[in-house]
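Here, each number is a calculation from the coordinates, and none is a lab measurement. Keep in mind that what you see is a predicted model, and the values were worked out from it rather than measured. Virtual Cβ from ideal backbone geometry, glycine too; neighbours counted across all protein chains shown.
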Amino acid sequence: MNKVNFSNNLIELPFSKIFFKLAIPNLYSTLIAAITIIFDLWYVGQIGVSELAGVAYIFPIYMLTSMLSNGAFGGAISGAVARAFGSKNIFQAECVFRSAILIAFCGSFIMMTFYFLLSEMFFKFFKVDEEVTFAALVYGNILLSGIILIWLFNVMISISRGTGNTIVPAFGWSIVLLSHILIATFNFQFDSGKTILLDNVIFFNGLWTFSSLEWSIISLMCGYFFGIIFMIIYYAVGKHLFTLTLKDTFKFTGIISLVKSGSLASCQSLMTIALALYCTAIVSFFGTDWIAGFGIAIRLELLLIPIIFGIGGALIAIVGANVGAKKFERAINMTWKGTFFSIFIVGSIGILFSLYPNTWSSLFTEKLEIFEASKLYLNIVAPFYAFFALGLGLYFTSQAFNTLIWPVIGTLIRLIFVVLTSLMLFHLNLASPSNIFIIMSAGMIIYGIFISCSLHFGPWKKMINY
């Protein structure tokens, strides 16, 4: 299908005929990414409570990396590649390719530097339990040492999505997951249908010995490594329009614009993860079991982001084409239809796990105290996941409308509200897990309502009148 026909379809065909065709491949990739995360959490849950609690501090960093490399900068990269190929400017597309690789190295270096400078001070400042701190640093040190693997894999599949090829990213994610699982099996013994976790992974008669926690993150990093190998093979011998000649290696035309676009989108990701880290820190005041239970529950919430991204990625293409054709009313109509589809899926997941919270928690632990902590959070917060989907879904489509500033402000308002009200509760000695979780629910409601109302009655209304 050529570009002209494709563009005409986006601005002329009914919503149902174009939305699902674009959304389903994206959702498949995000489903595999989510399963990868769930398996990793299950793995850590088999090791111990302190390890589970420690990883709860590091997991938001992992999610931030994914959100920056695959969502914020990844979205900017996909859009830039698509525009370049749409205008038949192969040289510019290749400049975006090279710029994306450079951004991956720079982004991973910045994250790694901040982590190793601040991580130990963070745990000392919040007086986190020593065993939990040790587990967090063991897991985090390996993750951040290999963070470039996550960045590189995500920008490479973002480039592929920009060319209109969503099959390759799906294969790439499948390789990451399968590699992670297969390498993790070195830490398990299978006997009479039972899976037994070994204390260590030993190679060459003890020359190399890894603890279970170390091997859990090493196996995940190996998954990304093999995913990158697959992508390199694709770009080396696969069918695509890139030439990637050596003479143009240091040509990065348009990188400044790419960095600006990705940086603004990154504000949303940074504040979302900052909120998750802050909430993790204040819940830790109630004990290790609470932080372990919260870590299990919050991971479900963060796993919703890829689902929303899968739908939002389709909407960016649809809405962007209509905005470019100045069909603003159709673009806004498409936005609401797609966003409500996202709200339905995420809202249903929230209601399901608020009614049956142990269905989620039992995947990762058998300790009753952790069950109760996770259950309380899901009972109070999960029913309002629909508002989270509303705000984040509109964030993605705002990239097509160029109205990204409003979702960023909405995220900032949510962050300030949760921080200030929770600190007030601690100051008045009214802080309790249930009260903190109620504040988190209220923050979600404010987030979704502010972004939807500000866009509907602000820039989008002006577009229709224009």
Region 17-56 and region 265-322 have their Cα centres apart by a whole-number Å value of 12
Only Cα pairs under 8 Å and at least 6 apart count here; give the relative contact order of the chain as a rounded whole percent.
21
Within region 27-49, which residues have the backbone N less than 15 Å from the label spot 7 Å out from Leu182 along Cα→beta-carbon, could you tell me?
none
For region 169-223 and region 323-367, write down the distance between their C-alpha centroids in whole Å.
32
Tell me the Rg and the Dmax, in Å, that the Cα atoms of region 176-258 produce.
19.8, 60
FRET efficiency for Phe457 and Phe190, Cβ-Cβ distance as r, R0 = 60 Å, nearest 0.05?
0.50
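Let me know the volume per residue of the alpha-carbon convex hull for region 310-466, in Å³. All intermediate terms of the calculation are to be shown ahead of the outcome.
Working: hull volume 16.1 nm³, N = 157.
Spelled out: Cα convex hull of region 310-466, divided by residues, is 103 Å³.
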Name the residue from Ile451, Leu390, Val81 whose Cα lies farthest towards the positive end of the charge dipole of the chain, charges +1 on Cβ of Lys and Arg and -1 on Cβ of Asp and Glu.
Val81
Between Phe15 and Trp208, with labels modelled 7 Å along Cα→Cβ, what's the label distance in nm to one decimal, could you check?
5.2
Cleavage-rule hits, trypsin sites (Lys or Arg not before Pro), region 48-124, DSSP coil, Cβ neighbours within 10 Å at most 11
Lys88
Please work out whether region 299-366 counts as rounded, prolate or oblate from its C-alpha gyration tensor, where a ≥ b ≥ c are the square roots of the eigenvalues and a/c under 1.5 means rounded, while otherwise a/b larger than b/c means prolate and anything else oblate?
prolate
Within the chain, helix-based [θ] at 222 nm, where runs of 4 or more DSSP H residues each add -39,500 (n - 2.57), nearest 500:
-27500 deg cm²/dmol
Euclidean distance of C-alpha centroids, region 59-135 and region 375-434, integer Å:
22
Output the direction-averaged projected area (hull surface divided by four) of the convex hull of the alpha-carbon atoms of the chain, in nm².
23.5
Using 0.36 nm per residue, how much length does the chain from Asn402 to Phe125 gain when fully extended, once their Cα-Cα distance is taken away?
95.8 nm
DSSP-loop chymotrypsin sites (Phe, Trp or Tyr not before Pro) across region 177-232, with at most 10 other Cβ within 10 angstrom:
Phe204
Sort Asp289, Asp129 by Cβ crowding within 10 Å, fewest neighbours at the top.
Asp129, Asp289
Loop trypsin sites (Lys or Arg not before Pro), region 218-257, which have at most 15 other Cβ atoms in a 10 Å radius of their Cβ (DSSP)
Lys239, Lys251
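Could you pull out the pairs from Lys327/Lys462; Lys127/Lys375; Lys21/Lys337 whose alpha carbons sit more than 21 Å apart here?
Lys127/Lys375
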Projecting each Cα onto the charge dipole of region 3-465 (Lys/Arg +1, Asp/Glu -1 at the beta carbon, about the Cα centre), which of Ser354, Leu315, Phe230 comes out farthest on the positive side?
Leu315
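With the cut-off at 1.5 for a/c, could you classify region 32-75 from its C-alpha gyration tensor as rounded, prolate or oblate? Please report the intermediate quantities before stating the final value.
Working: a/c = 5.91, a/b = 1.92, b/c = 3.08.
In terms of gyration-tensor shape, oblate.
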